[in-house]
Amino acid sequence: MWRDPGAPADSFYETRPECTNVPKSRFRIKAGKTLSARKWHAAFSPEGYLDIGKTLSRIHRGGIHPSIRGEVWEFLLGCYDPKSTFEERDEIRQRRREQYATWKEECRKLFPLIGSGRFITAPVVTEDGIPVQDPLVLLENNPENGLITLPQESTTAVSNLEKITDKGVVQWMLTLHQIGLDVIRTDRTLVFYEKKENLAKLWDILSVYARIDSDVGYGQGMSDLCSPMIILLNDEADAFWCFERLMRRLMMWALEYDPDLYWLYEEDDEKSEENKKRLKSLRHYGKYERENMKNGGKNGEEPPFPISVFLVASVLKEKSAILLQQARGLDDVVKV
């Protein structure tokens, strides 16, 4: 008996007709396997508690239907506790929307284009905090595509600004045009981004995030991470908070598994001269290997993990490409 190949999901993310080389999505909507809207709503109790166990099991088997991905991802990224009620989530959502509106207004006061439906792709301030006043730099004369650096009224406002002395504000303003340059390159094949208001929404979210989380700021590639949130969630504030939770998770993963980042966040007392040699070697290992080195070197104690764990891990790493393509369950992993 032939298996149902499922229905393609490409129609939910329409591409521009002139983009003929866009690869087709490998995801298929399969009845009985993909988490549907009906199954999703049935997973909630009358009070609003989510049965996250069954939900995750279905997601693992068949993915999420495109029509509900936004609200599902709010739970997967930790925006809401599955044990919360409908009423509690409404209160949290409202409070977060108000917080985002406050942050956005603070950013708008620093730079008037925030929230205007437009965005910039040219620098508006020098590294010394002096506003750029060259009209050829400040204004790109292509309003049809939305690539407007500053409208006339904002140009006058910026031109009249005195030197900015707050280094944090200067650093933030230096990233605004970099965000704009990445925004116009993000998912350019999608019809969704033909509308300049959607591009501006992406720019607004990234700009506000760069301001409120100055330690992270903005880095190339963050626009690609934020873009799905804009597409899946209609409310800009909800999209912002999903992106913020995603960035939290990425930072936690990086701190756990990236030796260089781990090194930066080591305790000061661990960086004494007597420990530098040992810590230098720790930089070349991941999270669990570091624990083994730290614990295993004390008084000849046995490491917390047996050598078999690392042998299995090395085999899995070597066969990872095959596993990703062929394995459909634990039995297939053992066979490979």
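The values are calculated or read from the model by the stated rules, or taken from the named source; none is laboratory data. Predicted, not measured: the structure shown is a model, and the values here were computed from it. Note: ideal-geometry Cβ built from the backbone for every residue, glycine included; neighbour counts use all protein chains shown.
Details
- Looking only at the stretch 1-36, and only at residues there that are within 21 Å of HIS60 (Cα to Cα) and of a type in the set (S, T, N, Q), the one that is modelled with the lowest pLDDT: SER25
Table: residues versus (1) out of contact with any helix residue (DSSP H, G or I) (no Cβ under 9 Å at 6 or more places or on another chain); (2) of a type outside the set (Phe, Trp, Tyr); (3) closer than 20 Å to GLY168 by Cα.
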| position | (1), (2), (3) |
| --- | --- |
| PRO82 | no, yes, no |
| GLU87 | yes, yes, no |
| ASP90 | yes, yes, no |
| GLU98 | no, yes, no |
| TRP103 | no, no, yes |
| LYS109 | yes, yes, yes |
| ILE114 | no, yes, yes |
| ALA122 | no, yes, yes |
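- When ILE164, ILE205, ILE179 are checked against the criterion of being over 12 Å from SER227 (Cβ atoms) and under 17 Å from the mean Cα position of the chain (by Cα), a single residue qualifies: ILE179.
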